[in-house]
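The values are calculated or read from the model by the stated rules, or taken from the named source; none is laboratory data. Bear in mind that the values here come from a model prediction, so they are computed numbers and not experimental data. Please note: Cβ atoms are built from the backbone with ideal geometry, for glycine as well, and neighbour counts cover all protein chains shown.
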Amino acid sequence: MLKKVFLANPRGFCAGVKYAISYVEKVQETTAEPIYVRKEIVHNRRVVEDMKKKGIQFIDELSEAPEGATVVFSAHGVSPSVVSEAKQRNMKIGDATCPLVTRVHRKARNMKDTHQFIYIGHEGHDEAIGTMGEAPMFLVESPEEVDSLKDKIDPNKPLTYLMQTTLSVADTKLIVDKIQEVFPFVEHPAKDDICYATTERQEAVTGMIQDVDAMLVIGANNSSNSLRLLQLAQKTKPNSFRIGSPEELDIENHIVKTNIETLGITAGASSPQVLVDEICNKLKQNFPEVSVELFPGSREDTMNFKLPKNLIQ
């Protein structure tokens, strides 16, 4: 029977997600026109549905919005070709890209005329698509894939690598080590691209995993950082699981049959606190004696990004 729940900290919304949501809300405050957001503003269904209730419209492609419309790019960023298309269609453009993702784009633009790039990321992820649109890049998802680049990388031209910001810190290190082994001439960036929020949330799980029977990760199935948290937890506690909403929590199969007495809870960087609260309430309803508390030694995420003065270009 479940007796104790520990909440990881930091968990949930990161500064980039807060920035993106605030960006859209501020744009809506300052215009009477319909607002179109290209792709999910962040990878969380609750956040998207709440925005839809406020009149925000979500589209997959710019062609779904009328010419001249106000469009906001999601937190994951877009490739230059998307920006060009929006300008060709005379759209009013807002860019809610996380500043840490923008930093990776800037590095690619600044070095594209001088360097070859290996991009460490997940094929098809919105962030990867946007960054790889800045310059020619070779995508790798594992150390094994680095070997396949031996005949594609020019040893006489400078080589460096970029990263998706939401990767597993440990897994990415293995890929970087492999790149160094295969291409000893590679230039290592002064700073890795994995964002502080991804790193801190993974560190929080690592710090509490020995004191719980399993971790519950709250996050969408297309949220890269949530899936990395789950993978990290399952390496030590195989009964760890992910859900995106209270409705997905199966008390019998997730908790009872696996004999979980102490459960750790974390939330991906795009998961709102309201989901944590609702899931904790469901646990309390099923286990009235359970205690819910912050894991000892937890700390808050204090990072914030300021919105630009001019939201629409």
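Only one of these is of a type in the set (Gly, Ala, Ser), under 30 Å from ILE209 (Cβ atoms) and outside the structural domain of VAL256 (by TED's automatic domain parsing): ALA75, ALA86. Name it.
None of the others qualify; the one that does is ALA75.
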Q) Considering GLY77, GLY16, GLY94, GLY55, which residue is at positive phi and buried (at least 21 other Cβ atoms within 10 Å of the Cβ)? A) GLY77
Q. Only one residue in LYS4, LYS52 is in contact with a Leu (Cβ under 9 Å, 6 or more places away or on another chain) and among the basic types (Lys, Arg), so which one is that?
A. LYS4
Q.
Residues that are in contact (Cβ under 8 Å) with a residue 60 or more places away in the chain, at least 1 per element: which strands (runs of 3 or more DSSP E) completely within the range 55-113 meet that?
A. 70-73, 92-95
Q: Look at the range 12-43 and say how many of its residues are touching a residue at least 60 places away in the same chain (Cβ under 8 Å) and farther than 18 Å from VAL78 by Cα.
A: 10
Q: Any chance you could count how many residues in the range 121-148 are assigned to a loop (DSSP other than H, G, I, E, B) and without any contact (Cβ under 8 Å) to a residue 60 or more places away in the chain?
A: 11
Q) If the Cβ limit is 6 Å and pairs must be 6+ apart or interchain, which residue in the range 234-246 that is on the phi < 0 side of the Ramachandran plot and assigned by TED's automatic domain parsing to the domain that holds CYS280 pairs with which residue that is surrounded by 15 or more Cβ atoms within 10 Å (Cβ to Cβ) and part of a strand (DSSP E or B)? A) LYS237/ALA214; ASN239/ALA214; SER240/ALA214; SER240/MET215; ARG242/VAL217
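Just one of SER298, SER271 is modelled with pLDDT under 95, assigned to a loop (DSSP other than H, G, I, E, B) and not aliphatic (A, V, I, L, M); which is it?
Exactly one of SER298, SER271 is modelled with pLDDT under 95, assigned to a loop (DSSP other than H, G, I, E, B) and not aliphatic (A, V, I, L, M), namely SER298.
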Q: Give the residue that is surrounded by the fewest Cβ atoms within 10 Å (Cβ to Cβ), with candidates limited to residues of the range 36-52 that are part of a strand (DSSP E or B) and not hydrophobic (A, V, I, L, M, F, W, C).
A: TYR36
Q. For PRO189, which of the numbered conditions (1) in a loop (DSSP other than H, G, I, E, B); (2) crowded, with 17+ Cβ neighbours inside 10 Å; (3) of a type outside the set (A, V, I, L, M) fails to hold?
A. (2)
**Q.** Count of the range 159-170 residues which are in contact (Cβ under 8 Å) with a residue 40 or more places away in the chain and part of a helix (DSSP H, G or I)
**A.** 1
Q) When you go through ILE265, ILE255, ILE279 one by one, which is the residue that is farther than 25 Å from VAL24 by Cβ, in contact with a Pro (Cβ under 6 Å, 6 or more places away or on another chain) and either assigned to a loop (DSSP other than H, G, I, E, B) or not assigned by TED's automatic domain parsing to the domain that holds THR70 (or both)? A) ILE279
Q. Are any residues in the range 192-212 under 18 Å from the mean Cα position of the chain (by Cα) and buried (at least 17 other Cβ atoms within 10 Å of the Cβ), and if so, which ones?
A. ASP192, ASP193, ILE194, CYS195, ALA197, THR198, GLU200, ARG201, GLN202, ALA204, VAL205
Q. Could we say that ASN225 is at pLDDT 95 or above and more than 29 Å from GLY121 (Cα to Cα) here?
A. no
Q: Using the structure shown, decide if LYS152 is surrounded by fewer than 19 Cβ atoms within 10 Å (Cβ to Cβ) and assigned to a loop (DSSP other than H, G, I, E, B).
A: yes
Q: Return the only residue of PRO272, PRO296 being out of contact with any His (no Cβ under 9 Å at 6 or more places or on another chain) and without any contact (Cβ under 8 Å) to a residue 12 or more places away in the chain.
A: PRO296
